[in-house]
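Please treat every number below as a calculation from the coordinates, not as lab data. Here the structure is a predicted model, which is why all the values come from computation and not from measurement. Every residue, glycine among them, receives a Cβ derived from its backbone with ideal geometry; neighbour counts consider all protein chains shown.
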Amino acid sequence: MYKVFNSFRNACNGLKYCFCTQRNMVIHAVIGTVVLLSALSLGISISGVLFLLTAVVLVLAAEVFNTALEETVDIITEDHNHHAQNAKDAASGAVLLASVFAVLIGLFVLGPPLWYFFKEIFLLR
């Protein structure tokens with residue numbers, strides 16, 4: 001049981017490290033929270049909320065992997081290395097792909113209700 005508790009503690013320490021040191025992790029988390037709260041306030045279906053939650057978690061996980069890879073590369077090489085830079089760029093590219101995916105999911109799930117909401121607000125004035 002101690003090993004299981006230790007594993008969870010280490011995982012939480014890793015997430016804490018990412019949130020405390022990686023500006024983009026915080027930005028993604030804040031945006032994800034806003035998106036999920038918006039979905040709940042707009043009455044989005046449970047399946048829509050699950051799609052949004054999956055996209056948010058995917059972006060956050062990609063950011064964690066990116067941080068882990070960058071930290072590992074920094075341990076291995078202190079000098080500028082073209083291959084090390086390629087590895088870091090590729091990991092950042094994975095975060096970008098996940099973020100674009102999340103934006104597309106957000107547009108598909110939240111787009112129509114937001115369009116209707118703003119249309120009603122501006123047409124009633």
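Summary table
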quantity: Packing-based exposure ordering (other Cβ within 10 Å, fewest first) of 101, 108; calculated: 108, 101
quantity: Computed magnitude of the charge dipole of the chain (debye, nearest 20; Cβ of K, R +1, Cβ of D, E -1); calculated: 580
quantity: Residues 88, 119, 3, sorted so that the one with the fewest Cβ neighbours within 10 Å comes first; calculated: 3, 119, 88
quantity: Overall form of the stretch 2-124 per C-alpha gyration tensor (a/c, 1.5; a/b vs b/c); calculated: prolate
quantity: Local net charge near residue 95, Cβ-Cβ under 14 Å (Lys/Arg +1, Asp/Glu -1); calculated: -1
quantity: Two-site FRET efficiency, residue 118 against residue 27, from Cβ-Cβ distance with R₀ of 30 Å, rounded to 0.05; calculated: 0.80
quantity: Under 14 Å, Cβ to Cβ, from residue 23 - net charge with Lys/Arg +1 and Asp/Glu -1; calculated: -2
quantity: Relative contact order of the chain, defined on C-alpha pairs under 8 angstrom at six or more residues apart (%); calculated: 28
